[in-house]
Amino acid sequence: MSSPPTIQNDRASDFELPVPRNAVESTARKLFTPVQFLSFWTAVALPFAYPPLLYHGYVSATTVTFALLLALNMVAIVVGHGYNLD
């Protein structure tokens with residue numbers, strides 16, 4: 001014979017959300033798509049800013065600025081790499 005459910009099991013089921021998993025995934029995908037879009041196009045467009053910065057000497061004066069631009073470009077590449085693969 002099976003034993004009756006414990007009180008702990010009954011309490012745990014009270015905290016479950018009735019939202020289907022597909023709805024949560026769909027909402028997350030809808031929120032992430034604009035971020036991925038922006039990251040993709042930032043990764044594409046940001047390298048065009050490097051030559052003017054190098055030419056005018058802004059980068060040689062502050063190496064930190066150039067390092068931050070490279071880091072931003074790397075983050076944009078990683079976040080936006082899967083954009084529009086469907």
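For the range 52-86, give me the residue count where each residue is open to solvent by 80 Å² or more (accessible area, probe 1.4 Å), modelled with pLDDT of 85 or more and either part of a helix (DSSP H, G or I) or of a type in the set (D, E, K, R) (or both).
Selection size over the range 52-86: 5.
Here is a check on your reading of the model: is Phe15 open to solvent by 80 Å² or more (accessible area, probe 1.4 Å), modelled with pLDDT of 70 or more and out of contact with any helix residue (DSSP H, G or I) (no Cβ under 8 Å at 6 or more places or on another chain)?
no
The values are calculated or read from the model by the stated rules, or taken from the named source; none is laboratory data. In this text the structure is predicted, and so the values were computed from the model without any measurement. Here Cβ is always computed from backbone atoms with ideal geometry, including for glycine, and neighbour counts include all displayed protein chains. With ligands, DNA and RNA removed, areas are computed over all heavy atoms of the protein, side chains included. Shrake-Rupley method; radii C 1.70, N 1.55, O 1.52, S 1.80 Å.
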